[in-house]
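Since the structure comes first, as structure tokens, the remarks are kept for the end.
The values are calculated or read from the model by the stated rules, or taken from the named source; none is laboratory data. Being a predicted model, the structure only gives us computed values, none of them experimental. A quick note on method: Cβ atoms are made from the backbone with ideal geometry, for glycine too, and the neighbour counts reach across all protein chains shown. Surface areas here come from the heavy atoms of the whole protein model, side chains and all, with no ligands, DNA or RNA. Shrake-Rupley method; radii C 1.70, N 1.55, O 1.52, S 1.80 Å.
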Amino acid sequence: MSQNHKSLYTYLHHVFNHDNFQEGQKEIITDILNGYDVLGILRTGSGKSLCYQLPAIMLPGTTVVVSPLISLMIDQVRQVKSYYYKEVVAIHSFQNMHERREILSRLHFYKLIYVSPELLQQQEFLQKLKEIKVSLFVIDEAHCISQWGYDFRPDYLRLTNVINILGNPPILALTGTATPEVQKDIMENLELQYMKRHIYPMDRENISLLLHHVNGSEEDKLTILSSLVSTYQQPTIVYFSSRNLTEKIASVLSQRVPDRKIAYYHGGMENNDRLKIQQQFMNEQLDVICCTSAFGMGINKKNIRLVIHYHLPTQIESYIQEIGRAGRDGKESISILLYKEGDIHVPLQIIENELPNEKEVSFVMNQLYILHQKGKSKIPTSDEQLEQIFQLPITKWRFLHYQFESHGMIKENMIIYDKKYWQEIFQKINRFCTMRKNLKYERLDDLINWVNTKECLRKKLYQNFQQQIPIKETQCCSNCGFSYEKWEKEIRPIKREKLEQQSWQHQLADLLLIGD
């Protein structure tokens, strides 16, 4: 074993308390330490975070990690500190101005800094980053870069400019799910056509895939869900496409299954409430989370045994990500999709409302023109003002703002008016929105075809992501003869006394890890 490999295993064992690397980790880390730009596609639950946490310790200077969710950043900082590695911090909007300025004044102290893509657009923070040596720039959930990815985030497209400002440090782009088309788009948007690519199979063989066709009413579906939650008393996530339904059905389940501790989680909740729910679930104080897709990204809870989809997702990639939250410890777990005729209307509505329509684009451009005519060429920055002026959800505004910037209508948040050019931009934006919407419809069709296939669900699900799909001899999928009734003998009920005994220990551990 070379000296370099000895060092890797020394850090792996003494800092992270692991004896061996998981698939792909050592290869990615080795390329990073050799200074290459790397694209890593590792299935959900395979330890992507170690791929930059270990190099962050070994490399001189600082590693910056761009992360899409505040809850994800906070959870990962807590995880790193649990290894007694304290030179790590997350900078986010939950912090007040005093807390953030305190962190910025000590930025050179940290070896690992988590930050949102939006915060990286703030000049004060970017200037502070320029003053320290950034040895590695990590883009977590890198599919957000791609306009064809299932969770496209316009602010991720601005990262190329940030990377240039920071002196072009080596790049590590990581995600759990990306088609070849999305991989290509990631590299093109980062202007890194020659990244070292480490692409690994996405199939999680320990997760059984079950489809339950509900031949009845919505109440029938809810009855089935109640029975599942009652019968299989294991850590469970139930995914919905509606915020209102997460709350409503969590309440109904709590009444029907009073021995389970059930809560809801969605993006419309207060930040502190979301963090509280997340930590209670991590600490075994909650059994079941009824949630939207906002919950679960990066949640490192290893013993989730059951992931239920009450609604259809909009596409296969998001479904693969969500079921991947089950069985991270490698033990047998189950994914169940409850599908009723007519369910397709929910994802259709989501797709229809995701991007601004032609009328909304026209209204926003007219509001920009009015601001310009009034001599107010500077666009407001607060979300409340933006929503009031443009009558749009902030997510749609951010998408349009990026489009306006990329086409030269807005520069440094100043409106630049040109009547003829604006008319061209209007047409371009609407064409792009139509094209992306049509692509979303195609991907929903792929999911519906999967729901209705008679083939092995596993083989059909992963056929566009990996060339070979190993045959699972037992507990494969509902099309291969497995059902959750057969799982009953494999499962053991939760021992509530033990969890209640442990919960204070987890809470104490969390408290002790809060400080630097």
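Take every Cα pair under 8 Å in the chain that's 6+ residues apart, average their separations, divide by the length, and report that relative contact order as a whole percent. If you can, show how the numbers build up before the last one.
Details: 762 pairs, mean separation 79.6, N = 516.
About 15 percent, as a whole number.
Can you list the trypsin sites (Lys or Arg not before Pro) in the stretch 123-172 that are in a DSSP coil and have 16 or fewer other beta carbons within 10 angstrom?
Taking the stretch 123-172 and a limit of 16 other Cβ atoms within 10 Å, the loop trypsin sites (Lys or Arg not before Pro) found are Lys133.
Over its Cα atoms, what ratio of radius of gyration to 2.2 N^0.38 Å does the stretch 241-310 give? Provide the component values of the computation, followed by the final result.
Details: Rg = 11.4 Å, N = 70, 2.2 N^0.38 = 11.1 Å.
Rg over 2.2 N^0.38 Å, computed on Cα atoms: 1.03.
Provide the three semi-axes, in whole Å and in decreasing order, of the ellipsoid equivalent to the stretch 1-158 as defined by the square roots of 5 times the Cα gyration tensor eigenvalues. Mind dumping the intermediate values first?
Numbers: eigenvalues 129, 75, 42 Å².
Its equivalent ellipsoid spans semi-axes of 25, 19, 15 Å.
When the Kirkwood hydrodynamic radius is evaluated over all pairs of different C-alpha atoms of the stretch 129-192, what value in angstrom, to one decimal, is obtained? Can you show the working numbers first?
Numbers: mean 1/r = 0.0834 Å⁻¹.
The answer is 12.0 Å.
Could you tell me which residue out of Ser362, Gly61, Leu457 lies farthest along the dipole of the chain toward its positive end? Charges go on the beta carbon: Lys and Arg +1, Asp and Glu -1, centred on the Cα centre.
Result: Gly61.
Could you work out what % of the accessible surface of the stretch 138-233 is carbon and sulfur, using a 1.4 angstrom probe and leaving DNA, RNA and ligands out of the count?
Numbers: 1590 of 3470 Å².
Using a 1.4 Å probe with all protein chains present, the stretch 138-233 comes out at 46 percent carbon and sulfur.
Using unit Cβ charges (K, R positive; D, E negative) and no other charged atoms, how large, in debye to the nearest 20, is the dipole of the chain about its Cα centre?
On the way: 61 positive and 60 negative charges, 99 e Å.
Taking the Cα centre of the chain as origin, the dipole is about 480 debye.
Under unit Cβ charges (Lys, Arg +1; Asp, Glu -1), what dipole magnitude, rounded to 20 debye, does the stretch 18-74 have relative to its Cα centre? Present the calculation step by step, with values, prior to reporting the outcome.
On the way: 3 positive and 5 negative charges, 32 e Å.
I would put it at about 160 debye.
Determine the alpha carbon to alpha carbon distance for each of Lys248/Lys486; Lys261/Lys301; Lys248/Lys331 and list only those over 22 Å. Working shown, then result.
On the way: Lys248/Lys486 30 Å; Lys261/Lys301 17 Å; Lys248/Lys331 31 Å.
With Cα atoms farther than 22 Å apart: Lys248/Lys486; Lys248/Lys331.
What residues have an amide H closer than 5 Å to that of Tyr264, excluding those fewer than 5 places away on the same chain, when H is modeled at 1.01 Å from N in the peptide plane?
Cys290
Mind checking the alpha-carbon convex hull of the stretch 238-356 and giving the volume per residue in Å³?
Per residue, the Cα convex hull of the stretch 238-356 comes to 121 Å³.
How are the C-alpha pair distances of the stretch 284-354 spread across 10 Å bins, as whole percents from the shortest bin up?
Over the stretch 284-354, the share of Cα pairs per 10 Å bin runs 18, 50, 25, 7 percent.
Calculate the length of the line joining the C-alpha centroid of the stretch 23-54 to that of the stretch 177-217, in whole Å.
The stretch 23-54 and the stretch 177-217 have Cα centres separated by 16 Å.
So which lysines can Lys374 reach, going by Cα to Cα under 25 Å and dropping same-chain residues fewer than 8 places off?
Candidates past the 8-residue exclusion: Lys359, Lys396, Lys411, Lys419, Lys420.
Find which of Asn353, Asn283, Ile323 sits farthest along the positive direction of the dipole of the stretch 234-370, computed with +1 on the beta-carbon of Lys and Arg, -1 on that of Asp and Glu, about the Cα centre.
Asn283
How large is Rg/Rh for the stretch 145-290, to two decimals, with Cα atoms and a Kirkwood Rh? Don't skip to the answer; put the middle values down first.
Working: Rg = 20.5 Å, Rh = 19.0 Å.
With Rg and the Kirkwood Rh in hand, the quotient comes to 1.08.
Taking GluC sites (Glu not before Pro) that fall in a DSSP loop and have at most 11 other Cβ atoms within 10 Å as cut points, what is the longest piece of the chain between them? Walk me through the numbers on the way to the answer.
Details: sites that count: Glu131, Glu191, Glu270, Glu341, Glu412, Glu473.
In short, 1-130.
Whenever you get a sec, compute what percent of the accessible area on the stretch 389-484 sits on carbon and sulfur atoms (1.4 Å probe). Before the final figure, lay out the partial values.
Numbers: 2540 of 5250 Å².
Here it works out to 48 percent.
Counting helices only, and only those DSSP H runs with n ≥ 4, report the 222 nm mean residue ellipticity of the chain as the sum of -39,500 (n - 2.57) divided by its residues, in deg cm²/dmol to the nearest 500. Working shown, then result.
Values: 20 runs with 231 residues, N = 516.
Counting only the DSSP helices, I get -13500 deg cm²/dmol.
Could you please state how large a percent of the accessible area of the stretch 276-387 is carbon and sulfur, counting protein chains only and using a 1.4 Å probe? Write out the running numbers ahead of the final one.
On the way: 2070 of 4310 Å².
Here it works out to 48 percent.
Distances over 14 Å make up what percent of all Cα-Cα pairs in the stretch 44-105?
On the way: 1183 of 1891 pairs.
Of all Cα-Cα pairs in the stretch 44-105, 63 percent lie more than 14 Å apart.
Measure of size requested: the Rg and Dmax of the chain, with Cα atoms as the atom set and Å as the unit; please supply both.
So, for the chain, Rg and Dmax equal 23.5, 72 Å respectively.
When only DSSP loop residues count, what chymotrypsin sites (Phe, Trp or Tyr not before Pro) in the stretch 178-265 have their Cβ near at most 14 other Cβ atoms within 10 Å? Mind showing how you got there, number by number?
Details: sites: Tyr194, Tyr232, Tyr239, Phe240, Tyr264, Tyr265; in loops: Tyr194, Tyr232, Phe240.
Those that pass, being in a loop and sparsely packed, are Tyr194.
If you put +1 on each Lys and Arg Cβ and -1 on each Asp and Glu Cβ, how big is the dipole of the stretch 274-364 around its Cα centre, in Debye rounded to 20? Please list the in-between numbers first.
Values: 10 positive and 12 negative charges, 110 e Å.
Dipole of the stretch 274-364, to the nearest 20 debye: 520 debye.
Evaluated at 25 °C with a viscosity of 0.890 mPa s, what Stokes-Einstein diffusion coefficient in µm²/s does the stretch 203-286 have when Rh comes from the Kirkwood expression over alpha-carbon pairs? Working shown, then result.
Numbers: Rh = 14.3 Å.
Estimated via Stokes-Einstein, D reaches 171 µm²/s.
Please compute the per residue accessible area over the chain with all protein chains in place, 1.4 Å probe, rounded to a whole number of Å².
Numbers: 23690 Å² over 516 residues.
On a per-residue basis, the chain sits at 46 Å².
State the antiparallel share, in %, of DSSP beta bridges confined to the chain, rounding to the nearest 5. Walk me through the numbers on the way to the answer.
Values: 3 of 52 bridges.
Around 5 percent of the beta bridges assigned by DSSP in the chain are antiparallel ones.
Looking only at Cα atoms, what is the convex hull volume of the stretch 72-120 per residue, in Å³? Could you put the intermediate results ahead of the total?
Details: hull volume 3.8 nm³, N = 49.
Residue-normalised Cα hull volume stands at 78 Å³.
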